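Every number in this text was worked out from the coordinates using simple rules, so none of it is lab data. A quick note: this is a predicted structure, and the numbers were derived from the prediction, not measured. Here Cβ is always computed from backbone atoms with ideal geometry, including for glycine, and neighbour counts include all displayed protein chains.
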Amino acid sequence: MGALPKRKYAKARQGKRRGHLGVIPPVTENCPQCNSPKLPHHVCPTCGSYAGREVTEIKSPKKKAG
C-alpha cells in the first residue's frame, strides 16, 4: 500500500501554507503621451510609444462588411 496521511488536516492549515499563492493585480502606469494605462517597460497599446518616441503604428480596427 502507498503512503497515506495519518489524519485529515484542517482547511485553515492548508490556507496558511498557501498564503503566498494569491493573485496579484498587474502594476500599471500612465503613458506620458496619451495618458492611458500601460504596463511598465512595454509599448503603449493605445498610441504605440515607448520612452517618449513612437515605436509602432497603431492600426485602426477594420469594419465588418455586411
field: Residue-wise HN-Hα coupling along the range 57-64, computed from phi with Karplus coefficients 6.51, -1.76, 1.60 (Hz; x: Gly, Pro)
entry: 8, 8, 7, 6, x, 6, 8, 6
- request: Treating cross-link reach as a plain straight distance, find the lysines whose alpha-carbon is under 20 Å from the alpha-carbon of K59, omitting any fewer than eight places away in the same chain.
  value: K38
query: Taking 0.36 nm per intervening residue step and subtracting the Cα-Cα distance, what contour gain separates N35 from R53 on full extension?
result: 5.1 nm
task: With label points built 7 Å along Cα→Cβ from the Cα atoms of Y9 and T28, find their separation and express it in nm.
output: 3.7 nm
message: Using only DSSP helix segments of four residues or longer, with each worth -39500 (n - 2.57), what per-residue ellipticity at 222 nm results for the chain after dividing by its residue count and rounding to 500?
response: -2500 deg cm²/dmol
- prompt: If eta is 0.692 mPa s and T is 37 °C, what Stokes-Einstein diffusion coefficient results for the chain, Kirkwood Rh from Cα pairs, in µm²/s?
  reply: 195 µm²/s
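Of all trypsin sites (Lys or Arg not before Pro) in the range 36-66, which ones are in loop regions per DSSP and have a Cβ with at most 16 other Cβ atoms within 10 Å?
K59, K62, K63, K64
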